[in-house]
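Student: I have a structure here, written as structure tokens, and I will follow up with some questions on it.
The values are calculated or read from the model by the stated rules, or taken from the named source; none is laboratory data. This one's a predicted model, so the numbers in the text were calculated from it and none came from an experiment. FYI the Cβ positions are ideal-geometry reconstructions off the backbone, even for glycines, and counts take in every protein chain you see.
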Amino acid sequence: MKQIIFAAAAITCIGAVSAQPMNCPAENFGDFAVAFMNDASTQKQWTSDFVEITSMEQADVRATEDKKSMKFPLIQSFQELTTAPSAVQIGSWDAGNFTIAIRINDDMIQTYTFKRKGKCWALTEIMRK
């Protein structure tokens, strides 16, 4: 009887350990943004369960997409973006939100918005204009 109880306790402990979230890949947003861009699994881990998608290409169209239906990577790697004829800007636009803005060409900008999630950040919105 003691062995069965011990085994059940061990399974519970193992489950609790495996359920722990991953550590944030960086302490500041600039380093986090580069880590986010460079790794699809980091993108998946630090994307909110539901992301607001806004397309302003022809009209202001908004939708919410479930992370489970999204294809990763969502964004090119930092190296690919900085060697391509595009511009990358990383910064904050208000107290709690940070962005990665990518100018694809003169007519298209993609903005990825992140909000604080504990001691890290999570992608909450993608805007294409």
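Student: Is the stretch 74-85 home to any residue that is aromatic (Phe, Trp, Tyr) and either surrounded by fewer than 17 Cβ atoms within 10 Å (Cβ to Cβ) or touching a Pro at 6+ places or on another chain (Cβ under 7 Å) (or both)?
Tutor: no
Student: Name the pairs: first residue in the stretch 45-56 and over 15 Å from ARG116 (Cα atoms), second residue assigned to a loop (DSSP other than H, G, I, E, B) and modelled with pLDDT under 95, Cβ to Cβ under 6 Å, at least 6 apart or on different chains?
Tutor: Close Cβ pairs satisfying both conditions: MET56/LYS129.
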